[in-house]
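Beneath this line is the structure, given in structure tokens, with notes to follow.
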Amino acid sequence: MRYIVNFDSEKVENKVYDVVIIGSGIAGLYVALHINGNYRIAILCKRNLTDNNTSLAQGGVACSLNKEDSPSIHFNDTLEAGSRKNNPSAVKIFVEEARSNVLKLIDLGIEFDMDEKGELLSTGEGGHSRRRIIYSGGDSTGMNIHRGLLHAVQSLDNVTFFENTPVIDILTSQGRCYGVLAMKENSCFIVYARAVVVATGGCGNIYRNTTNTESSTCDGVAMARRCGCDIEDMEFVQFHPTALYSNRIKEKYGRFFLISEAVRGEGAVLRNSDGETFMYKYHEMKDLAPRDVVSRAIYNEMKKENSQNVFLDITHKSRHYLKNRFPSIFGICLEAGIDISKDMIPVVPVAHYMIGGMKTNFFGSTNVDYLFACGECADAGVHGANRLASNSLPESLVFSRRTAECINEAIEKRITEKKKMSFNENNDNNVVDWESIKNKIKNIMNDKVGIERNYKDLIFARDELYNIYKLVIRKDIGNVRKIEVKNMVSVALLIVESAINRSKSCGCHYRVG
Ligand code: SIN
């Protein structure tokens, strides 16, 4: 289906801007910050301004700033972690431009943690051969960056935010983008623009177990696909090795709470349920091996021992140190009844990051004219088959800025055109239970398209998802939950089809049959 709702541009209200940005995480905000001040920008977000995965990022920002480090060492680590599936030119741009963008954050007043001499502190994480991850507020890096960027963008006169305004579809005609169809208080309206930027983040919430916010339903990729945008690498869904295994916390926050890789960077070790370390059996970098290796190792240990989780042990550090270095992790674990200075932390791998997405060049352009993408929903080729830890925030900065610079030139000679468009298909009005369908999608993805995949499960998943797709796609949308379910099943199908097509294991796509 080209559009998921019937509409007629002559009959719905419209607004006119120069640039529409969908999403208010790091990518959306950083694009807005670099668009020329004479262009009027609308930032549309599905829920509120802070409901995004940027704000949840803990570990930090990977960037070669130390004397013992260099962009070329960061380049090699990124390729090694990515199973060399990365686009080397994209990685080169990324490692070389990360520094200037980090300095820009500092200029904006975003504070990174420093030692008593005023030098930036840095830590290690999986797959990094140097301690190059800078952080803010201990483990509140994402929240502090988001707060700083939001403050900067809110002070711009040319930007208008629309909260609780989900975008339903991208409007295109003959391979060219004209704006978006959005929804406010259950009625549709059009925002015409000279350029549209998709910065909608990832897909974690199509899995039952994830570190992502509940709104991470990958709407951007689903609607991009509907308008003919090329999508790639969707089989590479990254599982974070260490999410807190606590039903109490999962129920309270609606997601698994992340235990940052930086905890291992500061010396924590993984132990199985017999209390034995095990990473030495899987990789020479042991507990700081690349993320795909660690997730699989944990999965393997859990299967061998028939257990629900393994443990992360940082009890050799003092309570004082842990409380200061990891204030959020310390606090949430206490809420779960775990004093991390005395108790081992029960952890489990869960869905965390979408490596694939809308295929872009190095300036955020897609194959659809005037449609751009950046951040987690975009794929410029930096991450390969397995993203190096803490590369996502700086990758968003580098390519969002490039996207903005490209838009500034690209739309100079374009006027916003109020293109007449409509879509009308018969709706299927049978009642369905949207909540149970959503849970079914999440269960299929978790159980059949997880860390280890096999052909039989993937075919089962594809057939089940296709049945769900047929059931929901022609139904009237009515509210944001229904839009999300339609997008979730569309993206789940993209992941499964890509996973079927890649018969050999590579990075975080691991085939056992
Ligand atoms: C972490 O805090 O574990 C790193 C976050 C990430 O890169 O996903």
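How far, in degrees from 0 to 90, does helix 455-472 lean away from the longest principal axis of the Cα atoms of the chain, to the nearest 10? Taking the Cα atoms of the chain, the angle to 455-472 is about 40 degrees. Note on Asn427/Asn38: beta-carbon distance plugged into 1/(1 + (r/R0)^6) with R0 of 41 Å gives a FRET efficiency of 0.45.
Cysteines in the chain that lack a partner Cβ within the 4.7 Å cut-off: Cys45, Cys63, Cys177, Cys188, Cys227, Cys229, Cys333, Cys374, Cys377, Cys406, Cys506, Cys508.
Using a cutoff of 8 angstrom between alpha carbon atoms and counting only pairs six or more residues apart, the relative contact order for the chain works out to 23 percent. The percentage of C-alpha pairs in region 129-193 whose separation is greater than 20 Å is 57%. Cross-link pairs exceeding 18 Å in C-alpha to C-alpha distance, out of Lys438/Lys475; Lys359/Lys504; Lys303/Lys448, comprise Lys359/Lys504.
The mean sequence distance of close C-alpha pairs (under 8 Å, at least 6 residues apart), as a share of the length of region 256-379, puts its relative contact order at 20 percent. Taking every lysine pair in region 44-193 that is 8 or more places apart or spans two chains, those with Cα atoms closer than 23 Å amount to 6.
For the chain, the dipole from Cβ point charges (+1 on Lys and Arg, -1 on Asp and Glu) about the Cα centre works out to 760 debye, to the nearest 20. Using a simple spin-label model with points 7 Å from Cα along the Cα→Cβ vector, what separation in nm is obtained for Glu13 and Arg474? About 3.2 nm, to one decimal. Taking all pairs of different Cα atoms in region 82-219, averaging 1/r and flipping that mean, what Kirkwood radius in angstroms comes out? Kirkwood radius, region 82-219: 18.9 Å.
The charge dipole of region 1-160, taken about its Cα centre with unit charges on the Cβ of Lys, Arg, Asp and Glu (plus for the first two, minus for the last two), comes to roughly 440 debye. Which aspartates and glutamates does Lys317 reach when only Cα atoms under 14 Å apart count, and residues fewer than 8 places away in its own chain are ignored? Answer for Lys317, where 14 Å is the Cα cut-off: Glu266, Asp339, Asp343, listed by chain and number. Shape index of region 409-477: Rg/Rh, with Rg the Cα radius of gyration and Rh the Kirkwood radius from the inverse mean 1/r over Cα pairs, equals 1.23.
Under 5 Å from the amide H of Ile338 lies no amide H of any residue 5 or more positions distant or on a separate chain, with H modelled from the backbone and absent for Pro and chain starts.
Angle of helix 141-154 to the longest C-alpha principal axis of the chain, folded into 0 to 90 degrees and rounded to 10: 30°. Listed by chain and number, the aspartates and glutamates whose C-alpha is less than 16 Å from the C-alpha of Lys440, apart from same-chain residues fewer than 8 away, are Glu214, Asp457, Asp463, Glu464, Glu484. Computed from phi, the 3J(HN,Hα) profile of region 370-376 under the Karplus parametrisation 6.51, -1.76, 1.60 (θ = phi - 60°) reads 6, 10, 10, 8, 7, x, 4 Hz, with x in place of Gly and Pro.
Take every Cα pair under 8 Å whose residues are at least 6 apart in sequence, average their separation, divide by the length of region 109-244, and the relative contact order is 12 percent. Each peptide in 58-68, 207-217, 176-186 gets a packing score, the mean of other Cβ atoms within 10 Å over its residues, and the list from highest to lowest is 207-217, 58-68, 176-186.
What the Cα atoms of region 373-435 give is an Rg and a Dmax of 19.6, 48 Å.
May I ask for the distance between the Cα centers of region 331-377 and region 422-473, given as a whole number of Å? Measuring centre to centre over Cα atoms gives 23 Å.
Scaling against 2.2 N^0.38 Å puts the C-alpha radius of gyration of region 12-132 at 1.30. In order along region 161-170, phi translates into HN-Hα couplings of 9, 10, 7, 6, 10, x, 8, 8, 7, 9 Hz, rounded to whole numbers, per the Karplus curve 6.51 cos²θ - 1.76 cosθ + 1.60 with θ = phi - 60° and x for Gly and Pro. Rounded to whole Å, the principal axis extents of the Cα atoms in the chain read 67, 52, 40, largest first.
Solvent-free Debye calculation, one equal scatterer per alpha-carbon of region 245-374: log10 I(q)/I(0) at 0.10 Å⁻¹ equals -0.41.
If you take all other residues with their beta carbon under 12 Å from the beta carbon of Lys438, and give Lys and Arg +1 and Asp and Glu -1, the sum is +2. Each part reduced to its alpha carbon centroid, region 55-98 and region 213-284 end up 20 Å apart.
Using θ = phi - 60° in the Karplus curve 6.51 cos²θ - 1.76 cosθ + 1.60, the 3J(HN,Hα) couplings for region 195-202 round to 8, 10, 10, 8, 9, 9, x, x Hz; x is entered for Gly and Pro. In the chain, helical runs assigned H by DSSP with n ≥ 4 each contribute -39500 (n - 2.57); averaged across all residues and rounded to the nearest 500, the mean residue ellipticity at 222 nm is -11000 deg cm²/dmol. Highest average first, the peptides 35-46, 190-201 ordered by how many other beta carbon atoms sit within 10 Å of their residues are 190-201, 35-46.
Along its three principal directions, the equivalent ellipsoid of region 308-348 from the Cα gyration tensor extends over semi-axes of 16, 11, 8 Å, largest first. Quick check on region 382-513: take the gyration tensor over C-alpha atoms, sort the square-rooted eigenvalues as a ≥ b ≥ c, and tell me if it's rounded (a/c under 1.5), prolate or oblate. Because a/c hits 1.5 or more and a/b fails to exceed b/c, region 382-513 counts as oblate.
Bear in mind that the values in this text are calculations on the coordinates, not laboratory data. All of these numbers come straight from a predicted model, not from anything done at the bench. Note: ideal-geometry Cβ built from the backbone for every residue, glycine included; neighbour counts use all protein chains shown.
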